[in-house]
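Here's the structure we're looking at; comments come further down.
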DNA sequence: AAGTTTTGCTTAAACGTTTAACTTAATTAT
DNA sequence: ATAATTAAGTTAAACGTTTAAGCAAAACTT
């Protein structure tokens, strides 16, 4: 019955050096296999054996302090519980791991203050670079980042005034295409459900819709702008108006995000409307939820994998070469057509 | 036209000390407001002003190296893209931030090797503690963690053989209750869709079902065990058998996870079955997808918020007091009853 | 055989903090 | 007036690494 030592000292490079009977420098050289520094074969063996036996694991905190590299990439998404972002996060995590980086994820909840505190957190933790889906009113914050020479790349969203690496989709074009698709399928009273926002990428979606619609004569207010903080409520009242109180009812609805689509579809179900007989639907983004909807949905599919991988690629580039030229990648979303927007029959 | 210095040196405590005209120790004392060490009012002012003007931000890497605390909590989930885990992650992140911790999230994909490498990553990064939803065949890995005195708490899942802090739900009871509910509503041929697994919490769900069913006479094989890597495929063939080829068809199905439920519901839609007329449904977990299903679903709702907050609480406890007694928290899931399991009418 | 190069390894400084121990000056006690 | 105490600050070591520079011995040159 012997008393145990309670505090387990973590094995450091020092312990390995001691056990192997060499200097700590040698251990470091061997374990990082810096073959340029000339270490003898038997020393290499001794060190490896000692490290193995002691179950040595390097202390990344110390390593980072010395090398000024944490090998941490920060990711700021608007909402990690939104499948769009959680899918991207997953892809980015994999991709980052592949090249030896750890991903630190933060969720801003579309809140500029939380966003800024996340940025600060990442800076304080000395992240090597950031992948950011910025929220409204964060231009100043991004500019501060640039002054500090923190490498970052914007995904999903961007600010035209800010000169930064960006990865976006063809928001305007795909939105134009969706609207055209509905027009071609003989829908006459097409409505858009969008966010009340200043975010450029969403404005582009709206603009694409508007421009495509100019082809038609109808020139009413056929855009429903939703407050992101009251989605269900705004959609409820908006759809009540449109489908119960209005004289000429929409025969097609295009939702510009998955959250809007899910909320809208719920309401349409409650209103007892049939898709696409009563109203055609096109949704944005892909989410598991669509699969349980009675009518297979037409939706815009974003190239999530490509967004994630190029984000990591460009950021990595930026990290290793500060003066890499700016890149503005535009990836094409694709229109997946299904029953919910099939040609109108009447 | 003057040439700019390209490399922005980050402001360190040293710069602040220089600017304020005091020693770096004083700066440290002021900025961490260690009032016990006596610093004069004017010095405090000078330091704060200098730090402010220089826009000083502490280097957490250096701080961690010295204090041996990273204020990082690691979270390992099975799949961050699964809403069950992404919701929990969100809650845990908030909760961790509240008490000054940063959350580092890893997704193991139910893969023991990836799990182990995540554990190693967290250890190497000197996380202060871990919140873990372990996967199969990781007992040894957890035991290693214990030897290293890394504080951790298990959520969702646990191993009976491992003495650790755990947070689980009343898997057996809730499953028993679900089954009882279906029996009470006159369903006679109730089937369970579960995973082919050794994970204790899932076995408990199955056992609860079995035991509740003993009340009934029927003693056939009414459990469909699904391989987690071929969910859609296994459910497809399983349901084909049950609903097309078998003589006496199920009149109720209980799914033991959200992924099984979503996959199963998709198949039932394809088979053209009506819920609950043709077959009653109870699902597990809550997910947005359920809301778009034609019939409002009866499901088991896990107390996600409570799981997250208690996980952080217990872990924090463990971190600050290594010898805090072990805790085994069992939280109650609740049965949300809706149309999909309404009393059978015939 | 003397000089040069190569090989193999060690020494020591540095990264940016924290904090115990120390110093010095001012204040209080005797 | 001197000793003891307190207040306000500084010095320096340490955390666990990396890596430039140094050094001695061995191996080559000539």
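Each value in this text was obtained by applying a stated rule to the coordinates, not by laboratory testing. From a predicted model like this one, the values you see are computed outputs, not experimental measurements. Cβ atoms come from the backbone with ideal geometry, glycine included; neighbour counts cover every protein chain shown.
Kirkwood hydrodynamic radius of segment A:41-112, from the reciprocal of the average inverse Cα-Cα distance over all distinct pairs: 15.0 Å. Each Cα pair under 8 Å and six or more residues apart adds its sequence gap; the mean of these over the residue count of chain A is a relative contact order of 16 percent. Shape summary: chain A maps onto an equivalent ellipsoid whose semi-axes, from the alpha-carbon gyration tensor, are 53, 21, 18 Å in decreasing order. The simple Förster model, with R0 at 41 Å and r as the Cβ-Cβ distance, assigns residue A:23 and residue B:24 a FRET efficiency of 0.85. By how many nm would the segment from residue A:294 to residue A:183 lengthen if fully extended, with 0.36 nm per residue of separation less the alpha-carbon distance? Full-extension gain reported as 37.6 nm. Would you mind telling me which residue in A:314, A:76, A:248 has the biggest mean-square fluctuation in a Gaussian network model of chain A, where springs connect alpha carbons within a distance under 10 angstrom? Comparing A:314, A:76, A:248 in the GNM, the peak value goes to A:248.
Against the main long axis of the alpha-carbon atoms of chain B, helix B:258-270 sits at an angle near 40°.
Bridges between two residues of the protein assembly as shown, per DSSP, are antiparallel at a rate of about 10%. Helices in chain A, meaning DSSP H runs of at least 4 residues, each add -39500 (n - 2.57). Divided by all residues, the mean residue ellipticity at 222 nm is -13000 deg cm²/dmol.
Modelled spin labels at residue A:211 and residue A:328, positioned 7 Å past Cα toward Cβ, are 1.4 nm from each other. Summarised in one figure, the compactness ratio Rg/Rh of segment A:146-222, Cα atoms and Kirkwood Rh, is 1.12. Of all the options A:152, A:243, A:299, the one that moves most in a Gaussian network model of chain A with Cα springs shorter than 10 angstrom is A:243. Largest first, the extents of the alpha carbon coordinates of segment B:1-131 on the three principal axes equal 56, 49, 24 Å. Restricting the calculation to Cα atoms, segment B:142-290 yields a radius of gyration followed by a Dmax of 17.1, 57 Å. For segment B:93-177, the equivalent ellipsoid derived from the Cα gyration tensor has semi-axes of 22, 17, 13 Å, listed largest first. By definition, a body whose alpha carbon gyration tensor gives a ≥ b ≥ c is prolate when a/c is 1.5 or more and a/b is larger than b/c, and segment B:284-346 fits this prolate description. Under a Gaussian network description of chain B, with springs only between Cα atoms under 10 Å, the residue in B:118, B:31, B:271 that fluctuates furthest is B:31. Here the contact order of segment B:13-58, divided by its residue count and restricted to Cα pairs under 8 Å and six or more residues apart, works out to 44 percent.
Maximal additional length on extending the residue A:230-residue A:317 stretch stands at 27.3 nm, based on 0.36 nm per residue less the C-alpha distance.
Helix A:304-320 versus the longest principal axis of chain A: what is the Cα-based angle in degrees, 0 to 90, to the nearest 10? Rounded to the nearest ten degrees, it is 40.
Centre-to-centre separation between the Cα atoms of segment B:127-195 and those of segment A:60-110: 28 Å. Relative to the longest principal axis of the Cα atoms of chain A, the long axis of helix A:200-213 lies at roughly 30 degrees.
Assuming 0.692 mPa s and 37 °C, estimate D for the protein assembly as shown with Stokes-Einstein, Rh taken as the Kirkwood radius over Cα pairs, in µm²/s.
Values: Rh = 28.4 Å.
The diffusion coefficient I find is 116 µm²/s.
Shown for B:205, A:38, B:125: other C-beta atoms within 10 Å of each C-beta, ranked fewest to most, produce the order A:38, B:125, B:205. Our analysis of segment B:13-58 gives Rg over Rh at 0.91, with the two radii drawn from alpha carbon positions and Rh computed by the Kirkwood formula.
Partner chain Cβ atoms within 10 Å, averaged over the residues of B:289-297 - can you pull that number for me?
Values: counts 9, 2, 8, 14, 6, 4, 1, 1, 1.
Taking all residues of B:289-297 together, the mean is 5.
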